[in-house]
Amino acid sequence: MVAFPFDKTNLVKESIFKLANFSTEEWEYYKQLLEEVTFSKRTFLTVKGEVEKYAYFIIEGAVKYEAYTPEGKSICVDLGFKGSFVSSFASCLSQQVSNISIQAVTAVNAFRLYYPKVLELMEQSKNAERFHRLIAEQLYVRESKRTYSLISKNAEQRYLYLLENQPDALRLIAVKDLASYLGIHPDSLSRIRHHIKL
């Protein structure tokens, strides 16, 4: 197992300890499951049609979640940035093929966790089970908020909400992907950005 610089694993530790108070032994076991990986821009972390085996913790970079229409058109349905866990969690939990892909939109440095090992830890540790349950709950709440936002907010309000909650989005995500994520045409997004700068 490769030894990692403390500051990198500490990013994961801080995220975990916000939700679950692992014992020293639990954290040491969890840390041993972390495998550092890198992805070049446009590389897929998760491929639609395959069973997801990993959860990723982003150290640097950004990813996009893509769903597909029956005609094969891709739609950006979510984004992931530094400090967040990303995965096709529904596929992980059900062990059914993933309905989405996750693609690096920049070079990405991450830790990945082999999910079957995570499940083993969850069976042994209530803290680990609590942590992953809370992660699942956070993802559900985030998805619910996004769905509500698409229904209740206009395009400019959705854009401003994105800026407030994901300030790295403009710098790291292509306009066409941002527009897709916001549910608007790229030209509309350009007009909104121009209007807000005035």
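The values are calculated or read from the model by the stated rules, or taken from the named source; none is laboratory data. Note that the structure is predicted; figures quoted are calculated from it, not measured. Glycine gets a Cβ as well: all are built from the backbone with ideal geometry, and neighbour counts include every protein chain shown.
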Unique match (being modelled with pLDDT of 95 or more, hydrophobic (A, V, I, L, M, F, W, C) and within 22 Å of Leu150 (Cα to Cα)) among Val63, Val108, Val77: Val63
Close pairs from the range 58-78: first in contact (Cβ under 8 Å) with a residue 40 or more places away in the chain, partner assigned to a loop (DSSP other than H, G, I, E, B) and of a type outside the set (A, V, I, L, M), Cβ under 6 Å, at least 6 apart: Ile58/Lys82; Ile58/Ser84; Glu60/Lys82; Gly61/Thr106; Ala62/Thr106
Hey, Ala55 in contact with a Leu (Cβ under 7 Å, 6 or more places away or on another chain), assigned by TED's automatic domain parsing to the domain that holds Arg42 and either closer than 25 Å to Ile196 by Cα or in a strand (DSSP E or B) (or both) or not: yes
Single condition Asn127 does not satisfy, out of (1) of a type in the set (S, T, N, Q); (2) over 25 Å from Lys145 (Cβ atoms); (3) out of contact with any Phe, Trp or Tyr (no Cβ under 7 Å at 6 or more places or on another chain); (4) in contact (Cβ under 8 Å) with a residue 60 or more places away in the chain: (3)
The range 137-152: number of residues that are surrounded by 15 or more Cβ atoms within 10 Å (Cβ to Cβ) and either touching a Ser or Thr at 6+ places or on another chain (Cβ under 9 Å) or without any contact (Cβ under 8 Å) to a residue 60 or more places away in the chain (or both): 2
Lone unmet requirement of (1) over 26 Å from Thr106 (Cα atoms); (2) at pLDDT 85 or above; (3) of a type in the set (Lys, Arg) for Arg133: (2)
